[in-house]
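See below for the structure under consideration.
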Amino acid sequence: MSKVYHGSIEEVRRPEIRHPNRSLDYGNGFYVTTSYEQAKRLVERRMKDNGVSIGYVNVYELDDEAIKCMKLLIFEKTTEEWVEFVMKNRTQRGFTHDYDIVYGPVADDSVYTQFTLYEGGIISMPTLIQELKTYKLVDQYLFHTEKSLLAIRFVESKEIKL
């Protein structure tokens, strides 16, 4: 068992598959990270965006054995395949995949500037990959199916105040 974190303006005892109003790196679902600091930064940004003063870093145990029985897509680092997968999820309307869980780097807003340059033909794929190596990227898990949610168990929530 390992710990993973989800930053939110609410306590999330029962994770669920979410369909956000914007395109995300790996598609619809429930996102967590192994970085407490990343989850905390995310919730602080959401708190500011929503004008609230209290948020939560929700802590879960990840059942490492349970995920072995699922359809996984794992990106250990930024690769051409990772870029293509993120681009499909972020730009192709109606794109979906059939993985239960996807794991890999976060393409946050600072990184996405490089994606935009690539998409516009300003930089090549090798240049994009080289540029991405200069960023310290944290990781993320996407739980994409109801089945995948069985692999995480709520432990506690830590209150964050602005």
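Within region 27-52, which residues are at positive phi and either in contact (Cβ under 8 Å) with a residue 40 or more places away in the chain or part of a strand (DSSP E or B) (or both)?
Quick first cut of region 27-52, residues at positive phi only: 27, 29, 51.
Matches in region 27-52: 27, 29.
All of 19, 6, 97 fail the test of being touching a strand residue (DSSP E or B) at 6+ places or on another chain (Cβ under 7 Å) and either under 15 Å from residue 144 (Cβ atoms) or in contact (Cβ under 8 Å) with a residue 40 or more places away in the chain (or both), apart from 6. Screening residue 55 against (1) under 14 Å from residue 141 (Cα atoms); (2) part of a strand (DSSP E or B) leaves a single unmet condition, (1). Could you list all residues from region 117-162 that are under 19 Å from the mean Cα position of the chain (by Cα) and among the small types (Gly, Ala, Ser)? Those that are under 19 Å from the mean Cα position of the chain (by Cα) and among the small types (Gly, Ala, Ser): 148, 151, 157. Give the residue that is nearest to residue 97 (Cα to Cα), with candidates limited to residues of region 41-78 that are surrounded by 15 or more Cβ atoms within 10 Å (Cβ to Cβ) and among the β-branched types (Val, Ile, Thr). If we take residues in region 41-78 being surrounded by 15 or more Cβ atoms within 10 Å (Cβ to Cβ) and among the β-branched types (Val, Ile, Thr), then 67 is nearest to residue 97 (Cα to Cα).
Is region 81-88 home to any residue that is farther than 18 Å from residue 142 by Cα, of a type outside the set (Val, Ile, Thr) and without any contact (Cβ under 8 Å) to a residue 24 or more places away in the chain?
Looking only at region 81-88, we keep the residues that are farther than 18 Å from residue 142 by Cα, and these are none.
The answer is no; no qualifying residue exists.
Are there any pairs, at least 6 apart or on different chains, whose C-beta atoms fall under 7 Å, with the first in region 127-150 and over 17 Å from residue 105 (Cβ atoms) and polar (S, T, N, Q) and the second modelled with pLDDT of 90 or more and not in a helix (DSSP H, G or I), and if so, which? If the second residue must be modelled with pLDDT of 90 or more and not in a helix (DSSP H, G or I), the pairs left are 145/100; 148/70; 148/100; 148/101.
For region 13-26, give me the residue count where each residue is of a type outside the set (Asp, Glu), in a loop (DSSP other than H, G, I, E, B) and under 26 Å from residue 110 (Cβ atoms). Before the answer, list the steps.
Applying the first criterion (of a type outside the set (Asp, Glu)) to region 13-26 yields 13-15, 17-24, 26.
Checking which are in a loop (DSSP other than H, G, I, E, B) leaves us with 13-15, 17, 19-24, 26.
Still in the list and also under 26 Å from residue 110 (Cβ atoms): 19-24, 26.
Adding up the residues that qualify gives 7.
Say whether the condition of being at pLDDT 95 or above and under 24 Å from residue 9 (Cβ atoms) is met by at least one residue in region 62-70. Within region 62-70 (the criterion being at pLDDT 95 or above and under 24 Å from residue 9 (Cβ atoms)), the answer is yes, since at least one residue qualifies.
The values are calculated or read from the model by the stated rules, or taken from the named source; none is laboratory data. In this text, all values refer to a predicted model and were calculated from it rather than measured experimentally. We place every Cβ from the backbone using ideal geometry, glycine too, and count neighbours over all the protein chains shown.
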